[in-house]
1. Could you name the aspartates and glutamates whose alpha carbon sits less than 13 Å from that of Lys142, not counting residues in the same chain fewer than 8 places away?
2. Round to the nearest 10 and report in Å² the accessible area of Asp140, as given by a 1.4 Å probe over the protein chains' heavy atoms.
3. Find the Rg to Rh ratio for the range 1-145, where Rh is the Kirkwood radius over alpha-carbon pairs and Rg uses the same atoms.
4. Give me, ordered by chain and number, the residues 5 or more places off His14 or on other chains with an amide H under 5 Å from its own placed amide H.
5. Along the principal axes of its C-alpha atoms, what lengths does the range 105-178 span, in descending order and rounded to whole Å?
6. Roughly how large, in nm² to one decimal, is the mean projection of the convex hull of the alpha-carbon atoms in the range 65-145?
7. Which residues' amide hydrogens lie under 5 Å from the amide hydrogen of Val33, considering only partners 5 or more residues apart or on another chain, with H built in the peptide plane?
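The values are calculated or read from the model by the stated rules, or taken from the named source; none is laboratory data. Just so it is clear, the structure is predicted and the values come from calculations on it, not from any experiment. Surface accessibility is based on the protein's heavy atoms, side chains included, excluding ligands, DNA and RNA. Shrake-Rupley method; radii C 1.70, N 1.55, O 1.52, S 1.80 Å.
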Amino acid sequence: MMILGLVKWMQPVHGYDVRRELLSWGADKWANVQPGSIYHALRKLGEEGLLREVATERVGARRARTTYEITLKGVDEFETLLRGLWWGNHQTSDPFVAAFAFLPALPRPEAVAALRSRGQVLRASVETMRASMESSWIRDSKPVGVSWMYELWIARGEAEVAWCERVADRIEAGVPYLPEGLASQDGWNVGEEADGRH
C-alpha cells in the first residue's frame with residue numbers, strides 16, 4: 001500500500017525517489033518496508049498491472065532509472081487497502097508480548113531491570129520524536145498527517161513507559177504471578193523460585 005500510495009502521490013516518479021521518500025518517513029521502522037525490496041516491489045506491482053512503466057532513462061554511467069505511474073487497477077487496489085486499514089482494527093505482532101507471556105520464567109530482579117531498561121529506551125525514543133516534530137523537516141516539508149502520526153507514536157510510547165514502570169513496581173513488591181491454584185503446579189513457579197519467592 002505504501003508504494004502504491006507514494007507513486008499515486010508523486011507520479012510520474014522514479015523508483016529512487018520512492019525509496020528516498022519512504023526512508024525519509026522512517027517507513028522501514030514502522031511500516032515494515034525494507035529499503036532493499038522497494039525496486040523489486042515496483043517491478044512486481046508493474047507485473048500485476050497496478051503500476052506502469054512510462055519511461056526508462058540512463059544518465060552517464062548510472063544505472064537506468066524507470067519512471068512509474070499508477071494504473072486505474074492500482075488506484076482501486078490502493079483505495080481498497082487504505083480503507084481496509086483505516087476501518088479495521090489490526091493488531092501488530094510484538095515479540096516482547098510473547099516474551100512477557102513467560103514472565104514467571106525470569107528471576108524477579110531481572111524482570112524488573114529489563115522493564116525499567118525498556119522504559120528508558122522508550123523514553124529516549126519519545127524525546128527523539130518530540131525533537132523531530134519540532135524540526136523544520138516535519139514543519140516545512142511534510143504533510144500535517146506526518147506530525148499527527150508522531151503524536152500517536154509519542155502517546156503510545158508514553159503509555160508504554162508508564163506501564164513498564166507500574167509493572168516493574170508490582171514485580172518488585174512481590175505481587176504473585178499466578179493464581180493460588182496454579183502456583184503449586186510443576187513448571188509454573190520458575191521465576192518465583194529463582195529468587196526465593198513462592
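1. Glu21, Glu134
2. Counting only protein heavy atoms, Asp140 exposes about 110 Å² to solvent.
3. 1.09
4. Close amide H contacts, sequence-distant or interchain: Tyr68.
5. Sorted from largest, the Cα extents of the range 105-178 read 51, 17, 17 Å.
6. Averaged projected hull area, Cα only: 10.0 nm².
7. It is Asp28, by chain and number.
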